[in-house]
Amino acid sequence: MRAVLFQKRAIKVAAVAACGLVLAACGSTKDNAAAPAAGGGAGGKVGATLPLLTSPFWQAYNNYVPKMAKEEGVDVLPTVNADSDPAKLITDIGTFLNQGVKGLVVTPLDSAAIVAGLKQAENKGVPVVAVDVAPESGKVAMVVRADNKAYGTKACEAIGEKVKSGKVVQIMGDLASVNGRDRSEAFRDCMKSKYPGIQVLEIPAEWKADKASSGLDSMLTANPDIKGVYMQAGGVYLAPTEQALKRKNLFFPVGDPKHIVLVSNDGIPQELAAIRAGELDATVSQPADAYAKYGLYWLKKAMAGETFKAGPTDHGSTIVEISPGILEDQLPAPVITKDNVDDKALWGNNL
């Protein structure tokens, strides 16, 4: 997260120097002089981590992992849950490595803290794919993630279509995560450039429902004229946002002149139901199924010694170099409104 994470403030693990990836072909190649990804052969057990299991999004991802492992022909061990603790995640990675896994799919909680775990894996020659959150540095074969800046921009545009002036709030994720930073900055920049008549207010909620609830309560008390709310994680923030609006007698259905425009990120079934009920205007779907599928897809290739380069993929996405040596497969993340909420292609309609 997510692009959706509850973030505990754990002691940051010192970041290690990035090991540069030399870009090679998107698969095996003889044309580029890149060293093969660590790990050698394609066989062996694979470890997969979870950031938490209190979010519907991550519950869905957890259910997809064994299914996609079977489809990809990957022998994955039972997932382990870091329970929102970056330090526990590093411990979980060490435990997997001690069990002799040949590959890891990790879901970072903190973009800096995860670097210590990546170093452990690199020292043992075990390739790693990061899902949902990109590390600040370190060696990964691939990051599998949707464009989180696009999340913020799409949410901005969805609100801007209906709100032309006044105040809107963005309930932010944890700014220790690149996801929280990307969504926040993109939303802010889009509003400034495209909708200068809108004033953006912000609540730093750290992917925590209680912080979203108390923050929005205070914000609505001071600003009862708010016209829109952007929730960076619908799985965590949708319920407390609706409850806060109801407590202030500000909860009205879509189409009502007094309706406060609500836009979120995730694409979970609960958000789709809220769109159908006229409670939520839109969400940006974060692909839980594709995160599981392509996390294992790229890891299998890396374990076989394949290396990758920036450019289009064979599954409708684009690989970009997000920082020196770190490649990211940016998966599509469609905006969901009442016009397409029943689309059977949406993962939230297929659980």
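Quick notes
- Residue list for the stretch 244-278, restricted to those being open to solvent by 40 Å² or more (accessible area, probe 1.4 Å) and under 20 Å from residue 160 (Cβ atoms): 252, 254, 255, 256, 257, 258
- The set of residues in the stretch 274-288 that are charged (D, E, K, R) and in contact with a Phe, Trp or Tyr (Cβ under 9 Å, 6 or more places away or on another chain) contains only 279.
- Within the stretch 204-232, the residues that satisfy the criterion of being at pLDDT 95 or above and crowded, with 24+ Cβ neighbours inside 10 Å are 205, 212, 216, 228, 229, 230, 231, 232.
- Any chance residue 350 is over 22 Å from residue 178 (Cα atoms), open to solvent by 10 Å² or more (accessible area, probe 1.4 Å) and modelled with pLDDT under 95: yes
- Selection count where residues are of a type in the set (Ser, Thr, Tyr), open to solvent by less than 10 Å² (accessible area, probe 1.4 Å) and modelled with pLDDT of 95 or more, scope the stretch 147-180: 1
- Taken as a whole, the condition of being within 24 Å of residue 48 (Cα to Cα) and in contact with a Ser or Thr (Cβ under 9 Å, 6 or more places away or on another chain) does not apply to residue 298.
- Scanning the stretch 96-120 for residues that are out of contact with any strand residue (DSSP E or B) (no Cβ under 9 Å at 6 or more places or on another chain) and in a helix (DSSP H, G or I) turns up 98, 115, 116, 119, 120.
To keep it simple, each residue is scored yes or no on (1) in contact with a helix residue (DSSP H, G or I) (Cβ under 8 Å, 6 or more places away or on another chain); (2) not in a helix (DSSP H, G or I).
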{"site": "279", "(1), (2)": "yes, yes"}
{"site": "283", "(1), (2)": "yes, yes"}
{"site": "293", "(1), (2)": "yes, no"}
{"site": "321", "(1), (2)": "no, yes"}
{"site": "333", "(1), (2)": "yes, yes"}
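- So residue 254, is it within 25 Å of residue 58 (Cα to Cα) and either at pLDDT 95 or above or more than 16 Å from the chain's Cα centre (by Cα) (or both): no
- Set side by side, the residues 52, 77 differ, and just one is aliphatic (A, V, I, L, M), in contact with a Phe, Trp or Tyr (Cβ under 6 Å, 6 or more places away or on another chain) and touching a residue at least 12 places away in the same chain (Cβ under 8 Å), which is 52.
- Cβ-Cβ under 7 Å pairs, at least 6 apart or on other chains, the stretch 202-231 side assigned to a loop (DSSP other than H, G, I, E, B), far side of a type in the set (Asp, Glu): 206/174; 207/174
- Cβ separations smaller than 9 Å between residues 6+ apart or across chains give the following pairs from the stretch 84-95 residues that are within 21 Å of residue 174 (Cα to Cα) to residues that are of a type in the set (Val, Ile, Thr) and in a helix (DSSP H, G or I): 85/91; 86/114; 89/114; 90/114.
- Looking only at the stretch 65-95, and only at residues there that are in contact with a strand residue (DSSP E or B) (Cβ under 9 Å, 6 or more places away or on another chain) and assigned to a loop (DSSP other than H, G, I, E, B), the one that is most open to solvent (accessible area, probe 1.4 Å): 78
- Screening 283, 313 for residues that are modelled with pLDDT of 95 or more, β-branched (Val, Ile, Thr) and open to solvent by less than 10 Å² (accessible area, probe 1.4 Å) leaves exactly one candidate, 283.
- Residue tally, condition touching a Pro at 6+ places or on another chain (Cβ under 7 Å) and within 21 Å of residue 103 (Cβ to Cβ), over the stretch 307-316: 1
- Within the stretch 248-278, the set of residues being of a type outside the set (A, V, I, L, M, F, W, C) and touching a Leu at 6+ places or on another chain (Cβ under 7 Å) comprises 248, 264, 267, 269, 270, 271.
- Residues located in the stretch 321-330, provided they are open to solvent by less than 10 Å² (accessible area, probe 1.4 Å) and closer than 20 Å to residue 265 by Cα: 328, 329
The values are calculated or read from the model by the stated rules, or taken from the named source; none is laboratory data. Note that the structure is predicted; figures quoted are calculated from it, not measured. Positions of Cβ are backbone-derived with ideal geometry, glycine not excepted, and every protein chain shown enters the neighbour counts. Ligands, DNA and RNA are stripped out before the accessible areas are found, and what is left, the full protein with its side chains, is counted by its heavy atoms. Shrake-Rupley method; radii C 1.70, N 1.55, O 1.52, S 1.80 Å.
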